[in-house]
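Here the structure is laid out as structure tokens; the discussion comes afterwards.
We did not get these values from a lab; they are worked out from the coordinates using the rules stated. Computed from a predicted model, the values in this text were never measured in an experiment. Here the Cβ is made from the backbone with ideal geometry for all residues, glycine too, and neighbour counts use every protein chain on show.
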Amino acid sequence: MKRDERIAAIAREVAQQDKAILSTPDRRRTVRLWCKGDWRDFAVYKVPTAALLLNIDNRRFAAERIQHERSLGHALDPETNPNDEKSVISILLDAHPTVDGDVVKGAPKRDAEALRTDWQKRKQESPIWIRPDGTVRNGNRRLAMLRRMGSDDGFTGTEAIDAVIFEEDDIDEQELFDMEQREQLTENFKVRYTDINLLITLKEAAQGHQIDWHDDEDIDRVAAEIQDKVEGGRLYAAIQLRAIKYMDAYLDYMGASGQYFKLIGQIERFRDVGKTMMKLAEHPDEAADFLRLQFAGIKAGIQHGDVRAIGTLFLKDRDEYQRLKTKVFDIEDSNESPTELADPDPQDLNDMEVDGENDDPPSTVVGFPIERVKSSIKNGIDAYKVKTLDVSSTLEQAASRLRIVGPDKVLQALSGDEKKAVDAAIKEISAWVDAIRTHNPNE
């Protein structure tokens, strides 16, 4: 059904129901919603399900949509392409949706099955929200479920559905956006936003509040204004906003601006980047190098706890931090391969939970010396931790590690890409042994 046809079909039903209600006004059904700073009663209408359109701009799956569109080779258009409508339904309802030919397919999630069972038992509990052209703004999963039930299962009785119709001259996009977010916090049978889509949604909300991403005080201002859109209050909202800030910076740095799906599962790392960058407020001259070092770690796939450890290293052991920074930057600068942020492996994404993403997935960077950078960072962090041990414990740990690295492994490393680093380490160890022998009276 085309847009004009949808508008006409919905308008006809509304007019008929308004006319019928004139004789029995007490039968008018309404729903009470928080809007524009107050509670308002909105009329509920029965609208034809066939006149409704799944919202392709649904923020619940914003990152995944971009990824699937890239795989399909075109933008999803559920209005004119039946396969695209099936794809959107799969993205909304299925676990692990992947592209199969020219359509996205997956297996139904347990909560989607629960939603289906509940609808069959209790029918519709609350009205969906739509625009006059039938675009669904709140209730896309329910409509997707009904579409699938009708086409796959032959389910009947859903030719019409209860809806609240928001006219644009009454409820503008910003207000509707705010209403959607409040509703998502309490919606029954809701699917929580994945971390990445929650952040994309919060970014949009923050921009609606005219945020200045370069001003930490302004980030805190906006966090206070949108704190009701996250479960955790103002401080937690500020953490999310700074995660967004450094996600965007990282994507720009990697030449992948706006491709948030490439960061699915990595959000905790960027939350920690935001937290550690706050600690550098008194060291503005160091901020750029510090951020570059953290981004190098993220490219190498270090765990999010190691991101925090780099901050601890900077604050508590500046000499060790400088050694680590110099080593990692040297590795990066000597790398001649083009570096690119690739799409995440679908299998890795399949292992992630919707509301508890794996926050330490493998690196998706190609052309980058991942293992060398990762081991350098791990070693730098370890060097700081070892300083808290007594001498005997430190020497025992060093000896146990050296026993593992026998002559054959060392010779093999000296003939490969690690030659320079291994040679430098051997010389440092030899110099240390010579110094101990010189000062040891028992030698």
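Numerical summary
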| item | result |
| --- | --- |
| Environment charge of ARG6, counting only residues whose C-beta is closer than 13 Å and scoring Lys/Arg +1, Asp/Glu -1 | -1 |
| Rounded if a/c under 1.5, otherwise prolate or oblate - the stretch 390-443, Cα gyration tensor axes | prolate |
| Simple Cβ-charge dipole of the stretch 195-388, Lys/Arg +1 and Asp/Glu -1, about Cα centre, in debye nearest 20 | 640 debye |
| Among ARG318, ARG234, ARG221: highest mean-square fluctuation, GNM of the chain, C-alpha pairs under 10 Å | ARG318 |
| Helix 140-152 vs. the chain, principal-axis angle (Cα, 0 to 90°, nearest 10) | 70 degrees |
| Which label in (1) 22.9; (2) 30.1; (3) 27.9 gives the computed mean projected area of the Cα convex hull in nm² | (3) |
| Point-charge dipole on Cβ atoms (K/R +1, D/E -1) for the chain, about Cα centre, debye to 20 | 1060 debye |
| Alpha carbon centroid spacing (whole Å) that separates the stretch 363-430 from the stretch 1-70 | 63 Å |
| Those aspartates and glutamates that a straight Cα-Cα span of less than 13 Å connects to LYS325, excepting residues fewer than 8 apart in one chain | GLU286, ASP289, ASP317, ASP333 |
| Electrostatic dipole magnitude of the stretch 390-443 [Cβ: Lys, Arg +1; Asp, Glu -1; Cα centre; debye, to 20] | 120 debye |
| Gap separating the Cα centres of the stretch 264-283 and the stretch 111-167, nearest whole Å | 40 Å |
| Percentage relative contact order, the stretch 195-388, counting C-alpha pairs under 8 Å, at least six apart | 24 percent |
| Rel. contact order, % - alpha carbon contacts under 8 angstrom, at least six apart, the chain | 12 percent |
| Pairs of lysine residues in the stretch 3-184 - Cα separation under 20 Å, sequence separation of 8 or more or cross-chain | 7 |
| Cross-link table LYS385/LYS419; LYS203/LYS316; LYS245/LYS419; LYS327/LYS409, entries beyond 30 Å C-alpha to C-alpha | LYS203/LYS316; LYS245/LYS419 |
| Reach of LYS427 by Cα under 15 Å, taken over aspartates and glutamates that are not fewer than 8 positions away in the same chain | GLU418 |
| Summed residue charge, Cβ within 12 Å of ARG323's Cβ, Lys/Arg positive, Asp/Glu negative | -2 |
| Per-residue [θ]222 nm for the chain (sum of -39500 (n - 2.57) over DSSP H runs n ≥ 4, rounded to 500) | -18000 deg cm²/dmol |
| Qualifying aspartates and glutamates (Cα of each under 14 Å from Cα of LYS420; at least 8 residues distant if same chain) | ASP330, GLU428 |
| C-alpha long axis of helix 82-93 to longest principal axis of the chain, angle in ° | 60 degrees |
